[in-house]
Amino acid sequence: MLSSDATPFTMGPALLFCPADRSERFGKAADRSDAVILDLEDAVAPADKPAAREAILHQLGTGSLDPERTIVRVNPVGTPEFDLDLQTLAKTPYRTVMLAKAEKAEQLRSLEGYQVIALCETAAGIVNAPAIAAEPNVVGLMWGAEDLLASLGGLSSRNDAGGYRAVALHSRSAVLLAAKAAGKEAIDSVYVNIPDLDGLAAESKDAVSSGFGAKACIHPNQVAVVREAYAPTDEAVAQATELLEAAASAGTGVFQFKGKMIDGPILKHAQATLRRAGRHVSM
């Protein structure tokens, strides 16, 4: 069940990272995505982090960012940068935070009062994902492929054919399962090969079919691809609607529909399709 201290995460499906020291991009990133992630961590060089925090404060009077569609990625707990990030956040209306390199449940308690997306991108973060997801202020989990492989001493999350290595696939599944078991949202990792929109489309379709509620992007051109993958086709909506109407007429737990056996899980798949289409679904 979802903790009473956390509200459901409804941003998405396309979340777009934007370096926090590039304030001229804030409004554009917000306009082109479902939610913008102002990045105070990896996207900003150490020497530029003070300027990035000032940029976040400076733009507050412009109205370019909606707090309901803005996430701020902060530096890892235990670093001097994390404490400075929190001092900045306290002066803003932004209350959804992405915690970089989340590794232990107790780290989330440093963000009391914030809705937190825990970014599990190290071996410790993946192993401890269930405990992290159970924290009351956590609204979602995201996984990070390249930082994960770096924490393992590896070289790349993908093989020569472009697919994820076994350990990356295991970690992706582990984060998804931990999030959903705790009633929280799961966010799929970024696709770093920016020109490969076909590869992004395939991975995004797998993400939505697997149960990820959103996918993070690192370039505006990726947003439309992710949105298209998450939006069910008219045919899929029609099929789901017909199936649920047949279920209501059947009035039984298991029935046949167009030669196929239909039971509870199949109906839930149909309900998920209609929810992604913005349709109200009675449970």
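The values are calculated or read from the model by the stated rules, or taken from the named source; none is laboratory data. If you're wondering where the values come from, they're calculated on a predicted model, not measured in any experiment. Reconstructed Cβ throughout: ideal geometry from the backbone, glycine too, with neighbour counts over all protein chains shown. SASA here: full protein model, heavy atoms, side chains in, ligands and nucleic acids out. Shrake-Rupley method; radii C 1.70, N 1.55, O 1.52, S 1.80 Å.
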Could you look through the range 151-191, keep only residues that are modelled with pLDDT under 95 and aliphatic (A, V, I, L, M), and pick out the one that is surrounded by the most Cβ atoms within 10 Å (Cβ to Cβ)?
-> Leu155
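Working carefully through the options Ala45, Ala20, find the one that is open to solvent by 30 Å² or more (accessible area, probe 1.4 Å) and either among the aliphatic types (A, V, I, L, M) or in contact (Cβ under 8 Å) with a residue 12 or more places away in the chain (or both).
None of the others qualify; the one that does is Ala45.
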Can you name the residue in the range 225-249 that is modelled with pLDDT of 75 or more and open to solvent by less than 40 Å² (accessible area, probe 1.4 Å) and is also farthest from Gly213 (Cα to Cα) among such residues?
-> Val225
All conditions in (1) closer than 22 Å to Gly211 by Cα; (2) touching a Leu at 6+ places or on another chain (Cβ under 9 Å) are true of Ala131 except (2)
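Listed here are the residues, each with its yes/no results for (1) in contact with a strand residue (DSSP E or B) (Cβ under 9 Å, 6 or more places away or on another chain); (2) within 30 Å of Ala181 (Cα to Cα); (3) charged (D, E, K, R).
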{"site": "Phe9", "(1), (2), (3)": "yes, yes, no"}
{"site": "Arg25", "(1), (2), (3)": "yes, no, yes"}
{"site": "Ser33", "(1), (2), (3)": "yes, yes, no"}
{"site": "Leu40", "(1), (2), (3)": "yes, yes, no"}
{"site": "Ala45", "(1), (2), (3)": "no, no, no"}
{"site": "Arg53", "(1), (2), (3)": "no, no, yes"}
{"site": "Leu57", "(1), (2), (3)": "no, no, no"}
{"site": "Arg69", "(1), (2), (3)": "yes, yes, yes"}
{"site": "Pro80", "(1), (2), (3)": "no, no, no"}
